[in-house]
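Please read the structure below before turning to the comments.
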Amino acid sequence: MFNSNYFVYITSNTTRSTYYIGITNDLARRMDEHYQNSGDKKTFTGRYYCYTLIYYERYVTPEDAIAREKQLKNWSRSKKEELIRKQNPLLKSLNDIVMC
């Protein structure tokens, strides 16, 4: 059986001053991993406390998710914020939604 759930996601810190873009096939597990790494200087999300999910998109294939991740990483901060605010205008945490 193959997994047809791949996610491109954006996390941020509590002040929303830093963004992290990643991909995963298990969004709840990945958010938990980011939270567990809080304060770990060896990882970007740990160093900047980027464990708050503020945006995600679902894809059927890993290739599509990887292509989208690369695209988003090349965008300016303002373009990323515009995208995020279309789905999440107040930049609220979406962690509770995916942890169910």
- Item | Neighbours by Cβ (under 9 Å, 6+ apart or cross-chain): first from region 46-60, assigned to a helix (DSSP H, G or I); second surrounded by fewer than 20 Cβ atoms within 10 Å (Cβ to Cβ) and of a type in the set (Asp, Glu) | Gly46/Asp40; Arg47/Asp40
- Mind checking which pairs have a first residue in region 1-15 that is under 10 Å from Pro62 (Cα atoms) and a second that is among the aromatic types (Phe, Trp, Tyr) and at pLDDT 95 or above, Cβ under 6 Å, 6 or more apart or different chains? Tyr6/Tyr59; Phe7/Tyr56
- Taking Arg29, is it loosely packed, with under 14 Cβ neighbours inside 10 Å and in a strand (DSSP E or B)? no
- Task: From (1) part of a strand (DSSP E or B); (2) surrounded by fewer than 20 Cβ atoms within 10 Å (Cβ to Cβ), pick out the condition that doesn't hold for Thr15.
- Result: (1)
- Query: Which residues, counting only those in region 50-100, are of a type in the set (Phe, Trp, Tyr) and surrounded by fewer than 17 Cβ atoms within 10 Å (Cβ to Cβ)?
  - Reply: Trp75
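The values are calculated or read from the model by the stated rules, or taken from the named source; none is laboratory data. If you're wondering where the values come from, they're calculated on a predicted model, not measured in any experiment. Ideal geometry is used to build each Cβ from the backbone, glycine not excepted, and the neighbour counts take in all protein chains shown.
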